[in-house]
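A short write-up of the structure that comes next.
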Amino acid sequence: MVARRGLGVALTVAGALVPATSAFALWDDRLELFASETVAHDDNVFRISSGLDPTSVLGSPYVADTYHTTSFGLTFDVPVGRQRLVGDYARNYTRYDRYTLLDLNGFDGRALWSWQIGDDLNGQLGYRERLALASLANIQSGLQSTTPDFLTAKEAFFDAAYKLTARWQIRGQANWMEQSNSAAERKVNDIHIETGAFTVSYITPANNQIGVNVTVASARAPNPVLEAGLPIDNSYRQQHLGAVAEWALSGHSRLNLRAGRVTRDYDQLPERNFAGPTFFAGYEWKPTGKLTFTAVAQKDISATEEVNVGFVAFKRFALYPSWQATEKISIDGGFERSDRDYRGDPGLVLGTVAPRTETVRTAALAVSYRPTRAVMINLALRRETRTSSVEFGDYEANIASIGIRLGI
């Protein structure tokens, strides 16, 4: 297989580099050039229900495939006085052994300027752009998506924080996001979102914070969706008012809390409008210097959906353990459950789409081995399951991958 040959070459190069004591330094270690190769096997690429005959959906009895991704890129971290410029850029070439229609030459790049003016004013200015394959787990109008859709996402953001006094701080944020779909039938999900936020916080002598946040967003969907022969505009306005807090409970644990109320109003079919409470609770515990547990509980609505018209009201519970076993070996896990209720689709109001709820569970394990500063080898396992109120909306999938990254 091409994937196995590519990984074999990468492993051979890594073997030659393992005896090295450190990576070559570029620009005093401010710049790194890298190449990586990852081979993955997915036993249910299109997330097909076990109750379906795959031949009737895919035209093939095979639901599994092996693919490899070759990446080349750079990272940089450049301090300039009290300023700092960081970023990365990578070109990714993914090739499937069987389902070559999913092949993609993608990219992912970002740049972030962390700025500081005096002692009281600081912030960030950043931009990110990427091209990637949309999730194949999505269902549109009750049907499993088997058409590849390549997403282009662009995002620019700015935030500034100013200390009014030693205890009070104000922060302003602005964000612009654009998401476009390559598949013609998914163009109705193209969206442009402009967001502004303002936060007032009280800071304790121990650097804990508690405050109030207001966030407003305006979303424009340039391509209307046809439902029952009617063109429906999915543009909306959204507001959120809530409290925020970051609190160190001890030297080994920290709590991050957000709670409030969100409202979303659509330009057409106001029966789709939503209003309800939201919250996020994140707890980090470090019992030792090498072991970390992060727990998350969240209730919210999604900002965007890759395939489905509308939004998802969801509840999420997750646990992420991390163990730095040695200086060269790290082990990370993830366990997550998400209960999802699909809302906002105009078809729900017009009666052309049935209500849909689902529960998604994931479990993941990743092991990283860094024999030298220049080389990192990664092993990963992931299992996904979904139960759904929609017939044949369930699936099970297992993904295993091995990869190597070489940096200079």
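Within the set of pairs 6+ apart or on separate chains, which have a first residue in region 53-79 that is under 12 Å from Tyr96 (Cβ atoms) and hydroxyl-bearing (Ser, Thr, Tyr), a second that is modelled with pLDDT under 95 and exposed (fewer than 15 other Cβ atoms within 10 Å of the Cβ), and C-beta atoms under 7 Å apart?
Once the first residue is under 12 Å from Tyr96 (Cβ atoms) and hydroxyl-bearing (Ser, Thr, Tyr) and sits in region 53-79, its partners that are modelled with pLDDT under 95 and exposed (fewer than 15 other Cβ atoms within 10 Å of the Cβ) give Thr66/Met1.
Can you confirm whether region 399-407 contains a residue that is hydrophobic (A, V, I, L, M, F, W, C) and more than 18 Å from Ser36 (Cα to Cα)? Walk me through how you get there before you give the answer.
Just the residues of region 399-407 that are hydrophobic (A, V, I, L, M, F, W, C), to begin with: 399-400, 402, 404, 406.
Those still in the list that are more than 18 Å from Ser36 (Cα to Cα) too: 399.
Checking region 399-407: at least one residue is hydrophobic (A, V, I, L, M, F, W, C) and more than 18 Å from Ser36 (Cα to Cα).
Looking at (1) out of contact with any strand residue (DSSP E or B) (no Cβ under 6 Å at 6 or more places or on another chain); (2) more than 29 Å from Ile402 (Cα to Cα); (3) of a type outside the set (D, E, K, R); (4) in contact (Cβ under 8 Å) with a residue 40 or more places away in the chain, which one does Gly118 not meet, given that it meets all the others?
So the condition that Gly118 fails would be (4).
Looking at region 53-69 only, could you name the residues that are assigned to a loop (DSSP other than H, G, I, E, B), at pLDDT 90 or above and surrounded by fewer than 19 Cβ atoms within 10 Å (Cβ to Cβ)?
Scanning region 53-69 gives Asp53, Ser60, Pro61, Tyr62, Ala64.
From the list Arg91, Arg95, Arg128, pick out the single residue that is touching a His at 6+ places or on another chain (Cβ under 8 Å) and of a type outside the set (Asp, Glu). First the steps, then the outcome.
On the way: Arg91 fails: touching a His at 6+ places or on another chain (Cβ under 8 Å); Arg128 fails: touching a His at 6+ places or on another chain (Cβ under 8 Å).
Of Arg91, Arg95, Arg128, the one residue that is touching a His at 6+ places or on another chain (Cβ under 8 Å) and of a type outside the set (Asp, Glu) is Arg95.
Residue-by-condition table, conditions (1) farther than 24 Å from Gly211 by Cα; (2) crowded, with 16+ Cβ neighbours inside 10 Å; (3) touching a residue at least 40 places away in the same chain (Cβ under 8 Å):
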{"site": "Leu151", "(1), (2), (3)": "yes, yes, yes"}
{"site": "Lys154", "(1), (2), (3)": "yes, no, no"}
{"site": "Ala161", "(1), (2), (3)": "no, yes, yes"}
{"site": "Gly172", "(1), (2), (3)": "no, no, no"}
{"site": "Asn175", "(1), (2), (3)": "no, yes, no"}
{"site": "Gln179", "(1), (2), (3)": "yes, yes, yes"}
{"site": "Val188", "(1), (2), (3)": "yes, yes, yes"}
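Given the options Asn105, Asn189, name the one that is within 30 Å of Ser388 (Cα to Cα) and either at pLDDT 95 or above or touching a Ser or Thr at 6+ places or on another chain (Cβ under 9 Å) (or both).
Sole residue among the options that is within 30 Å of Ser388 (Cα to Cα) and either at pLDDT 95 or above or touching a Ser or Thr at 6+ places or on another chain (Cβ under 9 Å) (or both): Asn189.
Find the residue count for region 114-169, including only residues that are within 23 Å of the chain's Cα centre (by Cα) and at pLDDT below 95.
Adding up the residues that qualify gives 16.
Could you say which residue among Pro270, Pro277 is of a type outside the set (Phe, Trp, Tyr) and at pLDDT below 95? Spell out how you get there, then give the answer.
Values: Pro277 fails: at pLDDT below 95.
Going through Pro270, Pro277 in turn, the sole match is Pro270.
Condition check: surrounded by fewer than 18 Cβ atoms within 10 Å (Cβ to Cβ), touching a residue at least 12 places away in the same chain (Cβ under 8 Å), in contact with a Phe, Trp or Tyr (Cβ under 7 Å, 6 or more places away or on another chain) and not charged (D, E, K, R). Does Ala219 satisfy that?
Values: surrounded by fewer than 18 Cβ atoms within 10 Å (Cβ to Cβ): no; touching a residue at least 12 places away in the same chain (Cβ under 8 Å): yes; in contact with a Phe, Trp or Tyr (Cβ under 7 Å, 6 or more places away or on another chain): yes; not charged (D, E, K, R): yes.
It is false that Ala219 is surrounded by fewer than 18 Cβ atoms within 10 Å (Cβ to Cβ), touching a residue at least 12 places away in the same chain (Cβ under 8 Å), in contact with a Phe, Trp or Tyr (Cβ under 7 Å, 6 or more places away or on another chain) and not charged (D, E, K, R).
If you go through region 254-273, how many residues are surrounded by 14 or more Cβ atoms within 10 Å (Cβ to Cβ), more than 16 Å from Ser218 (Cβ to Cβ) and under 25 Å from the mean Cα position of the chain (by Cα)?
The qualifying residues number 7.
Looking at (1) closer than 17 Å to Thr278 by Cβ; (2) over 26 Å from the mean Cα position of the chain (by Cα), which is the one condition that is false for Ala217?
Every condition holds for Ala217 apart from (2).
The values are calculated or read from the model by the stated rules, or taken from the named source; none is laboratory data. The structure displayed is predicted, hence computed values, not measured ones. Note: ideal-geometry Cβ built from the backbone for every residue, glycine included; neighbour counts use all protein chains shown.
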